[in-house]
Amino acid sequence: MAAKGVAYIDSENKKLVHIEDYASHLQGKPSVFAGETGKYLCEQELSITVSADDWIDEFYFNGSDERHRLSDPAGCCTLKRCTLKYDPLAEEGAVLAIAGNDNQPGTSASFGLRVESSAGWKIELSMENAEALGAKVFGIKGPESHDIEVGPMGRPSNMSPPEGWTSNDFDDREWSLPTKSTNGNHF
């Protein structure tokens with residue numbers, strides 16, 4: 001039995017490593033990858049911390065709306081935390097899809113993401129690892145005035161990402177790599 005596209009995080013080199021045929025790497029162990037710096041390929045808990053200037057609108061994992069699991073989901077500019085179960089062999093290609101909005105005009109905005117696994121790997125999204133992690137962004141111009149504050153989940157429909165963007169198989173090739181934070185609001 002082989003799964004295509006299975007991946008793990010090489011925490012030493014901070015890169016996502018794709019394994020085309022994990023069975024050849026398991027060496028008879030049903031849930032452990034036996035590589036030099038490989039991490040467990042078994043069910044794990046993901047501790048996720050996310051922050052946005054100003055609001056988190058959507059938070060999907062593996063196509064499922066998980067926003068209700070966030071601590072302080074309606075809080076402005078706060079660290080939000082949650083724990084999710086993840087099995088890389090059963091949930092091949094699982095995507096974390098997050099939308100946020102900034103309610104002020106100008107160029108000051110930020111987004112931070114940290115994921116720690118019970119299997120021992122940890123990532124923190126940065127400009128240096130965004131491409132290797134497959135991180136993409138879709139941005140549109142926000143309000144022209146400080147008088148417009150939409151809050152969480154209040155983004156006007158004409159400013160929403162394309163339909164289907166939260167699904168694991170969404171084609172984001174036209175989206176961009178993240179750029180640097182412009183207000184210093186990160187971990």
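The values are calculated or read from the model by the stated rules, or taken from the named source; none is laboratory data. None of these values were measured; they are calculated from a predicted model. Reconstructed Cβ throughout: ideal geometry from the backbone, glycine too, with neighbour counts over all protein chains shown.
Which numbered condition in (1) part of a loop (DSSP other than H, G, I, E, B); (2) at pLDDT below 85 is the only one that Asn158 fails?
(1)
Which pairs have Cβ atoms under 9 Å, sit 6 or more apart or on different chains, and link a residue in the stretch 63-78 that is over 11 Å from Val50 (Cβ atoms) and touching a residue at least 12 places away in the same chain (Cβ under 8 Å) to one that is surrounded by 14 or more Cβ atoms within 10 Å (Cβ to Cβ) and acidic (Asp, Glu)?
Asp65/Glu58; Cys76/Asp53; Cys76/Asp54; Cys77/Asp53; Cys77/Asp54
Would the stretch 67-80 turn up any residue that is among the acidic types (Asp, Glu) and modelled with pLDDT of 75 or more?
Filtering the stretch 67-80 for residues among the acidic types (Asp, Glu) gives 72.
Narrowing further to those that are modelled with pLDDT of 75 or more: 72.
Yes.
Of the residues that make up the stretch 31-44, is at least one at negative phi, at pLDDT 80 or above and part of a strand (DSSP E or B)? Let's see the steps before the verdict.
As a first pass, look at the stretch 31-44 and keep what is at negative phi: 31-44.
Keeping just the survivors that are at pLDDT 80 or above gives 43-44.
Next cut, part of a strand (DSSP E or B) only: 44.
Checking the stretch 31-44: at least one residue is at negative phi, at pLDDT 80 or above and part of a strand (DSSP E or B).
Out of the residues in the stretch 100-155 that are charged (D, E, K, R) and assigned to a loop (DSSP other than H, G, I, E, B), state the one that is modelled with the lowest pLDDT.
This residue is Asp147.
Residues are listed down the side, and each one gets a yes or a no for (1) within 22 Å of Asn168 (Cα to Cα); (2) surrounded by fewer than 18 Cβ atoms within 10 Å (Cβ to Cβ); (3) within 16 Å of the chain's Cα centre (by Cα):
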| position | (1), (2), (3) |
| --- | --- |
| Ser47 | yes, yes, yes |
| Val50 | yes, no, yes |
| Asp65 | yes, yes, yes |
| Leu79 | no, yes, yes |
| Pro88 | yes, no, yes |
| Leu113 | yes, no, yes |
| Gly120 | no, yes, no |
| Phe138 | yes, yes, yes |
